[in-house]
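Since every read-out is calculated from the coordinates, none of them should be taken as a lab result. Everything numeric in this text was worked out from a predicted model, so none of it was measured. Neighbour counts run over all protein chains shown; Cβ positions are idealised from the backbone, glycine included.
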Amino acid sequence: MTNQRLRLLTLALLVGTLMLDIGVVELHLFAPATTQASDANFINNPAGNGAVLMRVADARTEDCQMIFIGASNVEFWGTEGLPVWNKYYAPRHALNFGVAGDRTEDVLWRLDHVNLSFVHPKVAVIFLGLNNITNTPRDTATGLRAVMKKAQSLFPGVKTLLVSLTPNQRDDKVVVETNKILRDYADNQTIFYIDLYSQLPREANGWKGLRSDQLHLTAEGYQTWADVMEPVLQTLLPEKTDPLAKAASSDGSHDPQEDPLPK
């Protein structure tokens, strides 16, 4: 190979590498903000993030069957929704990974920076996006898809329950349009769409199951969420984790075939 041809080949390689680098930069610049990890809420909400880190630490000693990923309506399973949580999800050693104020980009950052290597959930419940209400429905849905993919990479083989956005006084039309996109993500094999929106109908000046702020769920709203999700969970999780079966046995009901043989 002559020196001139070698120089031309070297120049071509340099140009190709430069074009590739430019392409990567452009791809990053044109990706919606909803898909780009941000530590904004980690900085702005130290209390909520400190609490979730404590819950993660507690999960080290448990056989975690489920992880709930999201913002305030997930975090508040620990307050408003606690009785329902204790009935359905505490027996499954579910991890509440919700922090109030989170957007999709904040959750992506937490999934990148919080050590979850010791957690091996079979099901990830994702309810997120109401704080992205200023984004377009397409960008919000794209951010949620990025969160799902991140969860699938962290927890190989996990089944995803993607919960619809709930009615919202901020902009309910955006919620409806976003849900139309989210519904199409479901394949009923690895991703299951949970239609909570339709179970919270209009009521007076708001929606059934929502607090007066028309954003956060009431205790009734959390029960509705559990009712909608439970049939899917019973197909995805081992029978031994069925909290309803345990509740039936604890209240004195039982299968006669399980009675010991007379001596």
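Sparse packing (at most 16 other Cβ atoms within 10 Å of the Cβ) combined with a DSSP loop state is found for the following trypsin sites (Lys or Arg not before Pro) in the stretch 119-199: Arg170.
Enter the Cα centre distance for the pair the stretch 111-151 and the stretch 68-102, rounded to the nearest angstrom. Computed from Cα coordinates, the inter-centre distance equals 15 Å.
Annotation for the stretch 33-135: chymotrypsin sites (Phe, Trp or Tyr not before Pro) lying in DSSP loop with at most 16 further Cβ atoms inside 10 Å of their Cβ are Phe118.
Dipole magnitude of the stretch 33-234 about its Cα centre, charges +1 at Lys/Arg Cβ and -1 at Asp/Glu Cβ only, in debye to the nearest 20?
260 debye
Classify the stretch 33-234 as rounded, prolate or oblate from the Cα gyration tensor: take a ≥ b ≥ c as the square roots of its eigenvalues, call it rounded if a/c is under 1.5, otherwise prolate when a/b beats b/c and oblate if not. Verdict is rounded for the stretch 33-234.
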